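> Sharing a structure with you now.
The values are calculated or read from the model by the stated rules, or taken from the named source; none is laboratory data. Worth saying up front: this structure is predicted, and the values here are computed from it rather than measured. Here Cβ is always computed from backbone atoms with ideal geometry, including for glycine, and neighbour counts include all displayed protein chains.
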Amino acid sequence: MKIPKSAYNWISATGLILSLNCILLMIILFVISLTMGSSSTYLGIFIYIVLPAILVLGLILIPVGMLFTRRKKVKAAEAGLKWPVLDFNNTGTRKSIIIVSAFTLVFVLVSAMGSYQAYHYTESLQFCGTLCHRVMEPEYVTYLNSPHARVLCVECHVGEGASWYVKSKLSGLYQVYSVIFNKYSRPIQTPIKDLRPARETCEKCHWPQKFYEQKLRNIRGFLSDSSNTQWNYAMLMKIGPSHSAYGLSEGIHWHINPDVSIEYVASTFDRESIPWVRYTNKKTGEVQIFRDTDNSLDAKALDSLDTRSMDCMDCHNRPSHSYNSAVVYMDNALISGTVPEELPYIKKAAMKVLGDKFSTTDSAFMAIRNSINTYYTSKHPEIYNSHKDLIEKAIVGIQGEFQKYTFPQMNASSASYLNHIGHWESDGCFRCHSGRHVSEKGNLISKDCNLCHTIIAQGTTDDLETAPFTKTLEFRHPIDIGTSWKESNCTECHRSL
């Protein structure tokens with residue numbers, strides 16, 4: 001097969017060189033990826049996105065150069081055919097057509113396979129979590145420690161269907177721009193406004209009719225005293241009804257009962273302040289509007305804000321990216337033994353430094369080590385001298401827990417991403433169940449804790465108070481603060497650190 005004379009130009013030559021080099025590199029990188037044992041994010045980008053794009057550009061340049069060359073010849077001769085003559089009686093022409101057709105067919109098949117692989121690659125965990133390492137590190141690390149660690153990111157953030165796939169990719173273009181030009185916020189703002197509704201993602205697995213009965217939850221914490229005293233709660237969480245036959249007629253998940261509609265207006269971007277709630281009974285047509293008496297909005301202000309239909313994400317707002325506070329991850333570390341419970345004052349020493357702000361993870365690690373060592377050498381030298389091994393274990397354990405949930409470079413922590421489950425470190429339930437939301441009929445959205453849970457045991461290991469079956473205990477604060485816990489929200493003291 002002879003190469004047409006029109007192909008002898010710098011544009012076509014450039015395209016040919018680009019194409020051949022891309023094909024060679026794609027083959028080499030593909031073989032490397034097969035022998036690596038684990039996929040590489042950046043290798044995948046080059047194999048399935050960057051090199052194919054350059055290959056296509058090179059293939060386009062070849063005919064473009066030939067076209068320019070032919071036009072120059074035609075213009076110089078001021079005459080001539082505008083289109084080549086295909087004479088199939090000519091042996092050379094037939095061979096050229098067969099070769100070009102075969103190459104085109106192979107290229108189309110390879111392109112189809114490559115496009116399919118590129119599609120799957122851009123939907124992969126590696127692409128979502130590790131491509132923009134600095135930006136996505138908090139989300140990726142917390143995701144790996146979440147209950148949804150085996151659910152792909154796209155199953156929640158994109159879901160099924162072509163329309164949301166296109167939306168996500170268009171949104172991704174802006175995200176790429178933000179990363180390249182350092183335009184992203186620190187931390188990434190939430191909630192995400194264009195996130196797909198939970199009924200189209202979460203409810204693929206957790207549909208409303210798949211309700212759960214009441215659940216026993218055991219909570220173990222540690223006081224900041226010399227012996228790290230354990231304080232236990234056993235709570236019966238009224239997630240669903242007391243009996244399955246009741247369906248979604250009661251319990252916490254009543255909020256997503258298909259026969260009920262709950263809408264609300266949030267006066268702040270983070271949805272922490274909810275001054276207006278509308279309840280609609282779809283069966284009876286009953287409608288009640290509840291307004292916060294301490295945070296009321298006039299009609300004009302309400303019209304300027306979006307009305308949101310309540311779904312899973314309004315309570316489960318951190319389903320896969322939960323940032324535990326220092327209090328929580330320290331308690332978990334003491335329970336698991338990552339931090340030795342037998343080391344006196346370790347909870348107190350840890351909380352002293354974990355309440356500080358840090359610029360980087362490395363500086364946080366140094367501060368943790370220095371602070372713990374200084375605490376024991378200055379206040380309890382006898383413990384430092386006799387328990388150096390436990391202190392070192394505690395330091396390593398605290399550092400390990402810290403880096404799972406706190407990311408100074410992105411200002412990402414439990415304080416940045418409040419969890420609306422419960423009401424201890426964020427107002428959560430109390431955003432609506434404040435005892436201040438009243439309807440025109442005088443009905444109140446109750447603040448009664450027993451609506452959602454009953455306490456069946458509480459206290460230290462040696463002095464555990466228990467309740468009889470079907471009864472509940474009145475909450476007892478680990479430290480005697482009188483009745484002030486009844487008069488204010490938990491967050492006034494326990495706001496997430």
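Yes/no matrix, rows are residues, columns are (1) surrounded by fewer than 20 Cβ atoms within 10 Å (Cβ to Cβ); (2) at pLDDT below 90; (3) among the small types (G, A, S):
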residue	(1), (2), (3)
I391	no, no, no
E401	no, no, no
Y405	no, no, no
P408	yes, no, no
N411	yes, no, no
Y417	no, no, no
I421	yes, no, no
S439	yes, no, yes
S446	yes, no, yes
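> Further question on the same structure: With the structure loaded, tell me whether Q189 is in a loop (DSSP other than H, G, I, E, B) and of a type outside the set (A, V, I, L, M, F, W, C) or whether it fails that test.
yes
> Residues being over 17 Å from E139 (Cβ atoms) and part of a helix (DSSP H, G or I): count how many of those fall in region 175-186.
The total comes to 2.
> Which residue, of I456, I421, I395, is closer than 21 Å to S336 by Cβ and either part of a loop (DSSP other than H, G, I, E, B) or of a type outside the set (G, A, S) (or both)?
Going through I456, I421, I395 in turn, the sole match is I395.
> Further question: Tally up the residues in region 244-260 that are surrounded by 15 or more Cβ atoms within 10 Å (Cβ to Cβ) and either assigned to a loop (DSSP other than H, G, I, E, B) or not hydrophobic (A, V, I, L, M, F, W, C) (or both), please.
Number of matching residues: 7.
> In the set K347, K352, which member is at pLDDT 95 or above, within 30 Å of T491 (Cα to Cα) and assigned to a helix (DSSP H, G or I)?
The unique qualifying residue is K347.
Let's see how each residue does on (1) more than 26 Å from the chain's Cα centre (by Cα); (2) surrounded by 20 or more Cβ atoms within 10 Å (Cβ to Cβ); (3) modelled with pLDDT of 95 or more:
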site: L302; (1), (2), (3): yes, no, no
site: L305; (1), (2), (3): no, no, no
site: V327; (1), (2), (3): no, yes, no
site: A333; (1), (2), (3): no, yes, yes
site: K357; (1), (2), (3): no, no, no
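> How about region 457-471: which of its residues are within 27 Å of D225 (Cα to Cα) and either among the aromatic types (F, W, Y) or in contact with a helix residue (DSSP H, G or I) (Cβ under 8 Å, 6 or more places away or on another chain) (or both)?
Scanning region 457-471 gives no hits.
> Tally the residues that are surrounded by fewer than 19 Cβ atoms within 10 Å (Cβ to Cβ) and without any contact (Cβ under 8 Å) to a residue 40 or more places away in the chain, restricting the search to region 261-277.
2
> Please verify whether N385 is assigned to a helix (DSSP H, G or I) and within 19 Å of S226 (Cβ to Cβ), treating the condition exactly as stated.
Yes: the conditions hold for N385.
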